[in-house]
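> Quick one: structure below, then a few questions.
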Amino acid sequence: MKNNIPPSMIKIVTILKEAGYEAYFVGGCVRDMLMQRKTHDYDITTNALPQETMQIFAAKGYQVIPTGIKHGTITVLVNKEPVEITTYRIEQTYHDHRHPSAIIFTKDLKEDLKRRDFTMNAIAYDPTYGLYDPFHGAQDIAQKRIRCVGDATTRFQEDALRMLRALRFSCVLDFTLDKACGKAIQQNHNLLHYVSKERIREEFNRLLMGEKANTLQLLYDFHVLDEILPGYSALYGHEQKTPWHIYDVFQHTDITLNHTKGYPLESKLAIIFHDWGKPACESFDDNGIAHYKKHAYVSEQIAYEQMKALKYDNKTIETVCLFIRYHDYYVHEKRSTLRRFVAHFHNDFTLAKQALDIQLADDMAKNRTKSDEKIVIIKSCQRLLSIMEKEKDMLSMKDLAINGHDLIQLGFQGKTIGDVLKAVYEWVLEEPSRNEKDILERYIKTEFLNVCEYIGDAYEN
């Protein structure tokens with residue numbers, strides 16, 4: 001194993017050992033070193049009691065914070081970076097499938113490692129003497145296997161969050177769960193009810209960003225999908241009887257997600273939800289072809305409720321819902337069309353480009369004999385949108401050469417003022433050179449009936 005531990009971190013272990021105590025790097029940092037992955041956080045375990053650890057580092061001039069002292073953890077700031085140091089401990093009976101009822105400090109490193117979740121996280125490393133690996137975690141890492149320390153059912157009944165952690169590690173590291181681990185998750189998935197929505201959300205986010213192929217199928221197979229998103233499994237096997245699709249709603253979504261490598265979290269979430277409303281909107285024509293009118297609207301409402309339940313922040317919810325609303329918005333390589341498209345995203349080109357990426361992934365998971373033409377159009381629109389961004393070719397409502405006060409002077413009042421401004425804005429997006437006050441006033445005076453019809457059509461669509 002190549003040791004890339006920074007000297008400042010080695011020094012922390014050395015200080016404890018020079019004070020007469022044992023000290024080891026442990027957990028994720030050791031796992032990452034074995035996998036030759038970049039390490040960001042370093043955790044240290046020691047047989048020194050928390051108060052002893054605090055005294056040792058305070059005497060050396062380090063800033064010490066008693067972050068979790070009752071659980072044996074203190075934090076030392078090293079070059080302004082936090083390093084957690086935890087006393088060897090044994091955790092007694094878990095009273096709520098999440099938290100141990102009592103902590104007992106021990107002098108036995110193996111006892112400390114025995115309480116941990118997976119063998120790959122139960123490896124200790126001494127910079128001088130190497131690995132201490134009583135549960136053969138290094139072998140499991142080499143075989144890309146997730147195996148619990150001891151009995152899998154016991155580990156998950158102690159702390160139900162470990163089930164999501166196992167699946168998250170599977171996605172992020174591209175590891176396979178061993179048979180006992182997988183079976184225990186399937187049998188104990190209902191214990192996730194004891195886990196806070198915030199913790200479920202964070203594990204779900206990290207799991208999605210792992211970009212493992214067929215992530216939704218993985219969650220479905222281990223019976224945890226409905227624990228995260230209640231009711232989602234109803235999409236499984238729901239056929240889409242339309243020439244545009246060759247997969248059921250669930251498969252289509254999972255395959256769409258497979259095409260999102262490098263996408264930000266909000267885009268992946270939008271794809272998770274984008275077709276959830278289809279079953280509720282499904283209708284059939286005389287030829288037996290399915291149609292899903294207004295499914296984007298219904299999907300957006302479902303996404304809002306599900307994300308609120310998982311306690312996502314308002315900004316994330318707003319962005320995801322915006323993507324869903326326009327995931328099937330028709331675009332073609334025309335500046336006026338793309339001006340309107342960008343306007344839907346508050347003239348934020350970054351969001352508009354993410355929305356086109358979502359459309360692209362969506363069409364990649366359809367019947368390609370039907371969708372390939374649209375894929376070509378989307379890619380052309382992406383290129384044109386990049387050009388427009390450089391040229392700042394956009395227009396917001398506040399940029400109009402006419403405003404509400406001007407419309408009052410022309411005799412408009414009440415709700416009509418806003419309606420007319422929206423219609424004029426659409427007209428100017430078609431050709432920005434029209435944005436001159438005299439041109440707009442003349443248009444309004446001579447074409448008001450057309451404007452009203454335009455508004456009505458926009459509302460119907």
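> Quick one: the Cα spread of the range 315-389 along its three principal axes, in angstroms, biggest first?
36, 27, 15
> Please compute the contact order of the chain in relative form: average sequence separation of alpha-carbon pairs under 8 Å and at least six residues apart, divided by the residue count, as a percent.
8 percent.
> Under 5 Å between amide hydrogens, which residues at least 5 positions from Arg116 or on another chain qualify, with H placed 1.01 Å from N in the peptide plane?
none
> Counting pairs of alpha carbon atoms under 8 Å apart in space and at least six apart in sequence, what relative contact order in percent does the range 49-101 give?
In percent, rounded to a whole number, it is 24.
> Then there is this: Would you kindly state how much longer the chain becomes between Glu318 and His332 on full extension, computed as 0.36 nm times their sequence separation minus their alpha carbon distance, in nm to one decimal?
Numbers: separation 14, 0.36 × 14 = 5.04 nm, distance 2.54 nm.
The Glu318-His332 span can extend by a further 2.5 nm.
> Could you tell me what % of all Cα pairs in the range 81-135 have separations over 20 Å?
So the portion of pairs separated by more than 20 Å is 32 percent.
> Where does the chain land on the Kirkwood hydrodynamic radius, alpha-carbon pairs, in angstrom?
For the chain, inverting the mean 1/r across all distinct Cα pairs yields 26.1 Å.
> Something else now. For the range 345-420, run through the GluC sites (Glu not before Pro) and keep only the ones in DSSP coil with at most 16 other Cβ atoms within 10 Å of their Cβ.
Here no loop site has a sparse enough neighbourhood.
> Under the 0.36 nm per residue contour assumption, what length would be gained going from the current alpha-carbon distance of Ser196 and Lys110 to full extension?
27.9 nm
> Using only the Cα atoms of the range 15-134, what do you get for the radius of gyration and for Dmax, in Å?
Rg, Dmax (Cα atoms, Å): 14.2, 40.
> Quick one: if you stick a label point 7 Å off each Cα along the C-beta vector at Gln36 and Tyr94, how many nm between them?
Between Gln36 and Tyr94, the label points sit 3.5 nm apart.
> Can I ask one more? Compute the length gained on full extension between Thr350 and Ala102: take 0.36 nm times their separation in residues and subtract their Cα-Cα distance, giving the result in nm to one decimal.
Separation in residues times 0.36 nm, less the Cα-Cα distance, equals 84.3 nm.
> In deg cm²/dmol and to the nearest 500, what is the mean residue ellipticity at 222 nm of the chain if only DSSP H runs of at least 4 residues count, each as -39500 (n - 2.57), divided by the residue total? Mind showing how you got there, number by number?
Numbers: 22 runs with 240 residues, N = 461.
For the chain, the value works out to -15500 deg cm²/dmol.
> Given a Förster radius of 35 Å and the C-beta distance between Asn403 and Ser380 as r, what FRET efficiency does 1/(1 + (r/R0)^6) yield to the nearest 0.05?
The value I calculate is 0.50.
> List the equivalent ellipsoid semi-axes of the range 60-99 in whole Å, largest first, each obtained as the square root of 5λ for an eigenvalue λ of the Cα gyration tensor.
Over the Cα atoms of the range 60-99, the ellipsoid semi-axes are 27, 10, 7 Å.
> Measure off 7 Å from each Cα along the Cα-to-Cβ vector at Asp151 and Lys293, then give the distance between these two points in nanometres to one decimal.
My value for the distance between the label points is 5.9 nm.
> So for the range 269-321, considering every pair of alpha-carbon atoms, how many percent are separated by more than 18 Å?
Numbers: 495 of 1378 pairs.
Of all Cα-Cα distances in the range 269-321, 36 percent exceed 18 Å.
> Can you give the FRET efficiency to the nearest 0.05 for Thr446 and Lys308, using r as the Cβ-Cβ distance and R₀ = 41 Å?
According to the calculation, E is roughly 0.30.
> Sorted by average packing, counted as other Cβ atoms within 10 angstrom per residue and highest first, what order do 212-219, 311-318 take?
Descending packing order for the listed peptides: 212-219, 311-318.
> Tell me the relative contact order for the range 49-204 as a rounded percent, counting alpha carbon contacts under 8 Å between residues six or more apart. Could you put the intermediate results ahead of the total?
Values: 233 pairs, mean separation 24.0, N = 156.
Value for the range 49-204: 15 percent.
> Once you have all Cα-Cα distances for the range 198-317, histogram them in 10 Å bins from zero and send the whole-percent values.
13, 45, 33, 8, 1
> Further question on the same structure: For Leu131 and Val172, what is the calculated FRET efficiency with R₀ set at 25 Å and r taken between the beta-carbons, to the nearest 0.05?
For Leu131 and Val172, the calculated efficiency is 0.65.
> Can you tell me the accessible area per residue over the range 129-279, all protein chains present, probe 1.4 angstrom, in square angstrom?
41 Å²
> Okay, moving on. Put a dot 7 Å past each Cα toward the Cβ at Glu81 and Tyr62; how far apart are the dots in nm?
Taking the two extended label points, one gets 1.3 nm.
The values are calculated or read from the model by the stated rules, or taken from the named source; none is laboratory data. Just so we're clear, the structure is a prediction, and the values are computed from it rather than from any experiment. So basically every Cβ, Gly included, is an ideal-geometry build from the backbone, and we count neighbours across all protein chains shown. We work out accessible area using only protein heavy atoms, side chains counted, and drop any ligands, DNA or RNA first. Shrake-Rupley method; radii C 1.70, N 1.55, O 1.52, S 1.80 Å.
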